[in-house]
Amino acid sequence: MTREIEGGKESVEANLPLVAGCQEPIAEWKIPNMRGIMSARTKPLKVVEPKVVEKNVTSQKFELPAPKVLLKMIACR
């Protein structure tokens with residue numbers, strides 16, 4: 001991946017599978033025009049089979065968070 005930083009660009013490498021996130025506005029939304037929508041209907045759809053990968057992460061412990069405490073509102077006069 002490459003990202004822009006002050007004074008240049010920074011490249012980062014990682015092994016796959018990888019989950020990456022970013023903040024908005026990373027790019028502006030592009031709304032397709034009607035001609036593009038209509039022409040997409042006639043193009044062939046390429047179906048790609050999923051790849052089986054070995055599991056690299058294990059879960060050692062899982063706990064539910066503590067339940068929320070009910071609050072009482074007391075009005076003072």
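On the stretch given as region 1-16, residues that are part of a strand (DSSP E or B) and of a type in the set (Val, Ile, Thr) total 2.
Each residue in region 1-22 was checked for being open to solvent by 100 Å² or more (accessible area, probe 1.4 Å) and either closer than 20 Å to VAL53 by Cβ or over 18 Å from the mean Cα position of the chain (by Cα) (or both), and 8 pass.
Filter region 33-57 down to the residues that are more than 26 Å from MET1 (Cβ to Cβ) and in a loop (DSSP other than H, G, I, E, B) and list them by number. Hits for region 33-57 are ASN33, ARG41, THR42, LYS43, PRO44, LEU45, VAL47.
The values are calculated or read from the model by the stated rules, or taken from the named source; none is laboratory data. All of these numbers come straight from a predicted model, not from anything done at the bench. Ideal geometry is used to build each Cβ from the backbone, glycine not excepted, and the neighbour counts take in all protein chains shown. The accessibility values were calculated without ligands, DNA or RNA, using every heavy atom of the protein model including side chains. Shrake-Rupley method; radii C 1.70, N 1.55, O 1.52, S 1.80 Å.
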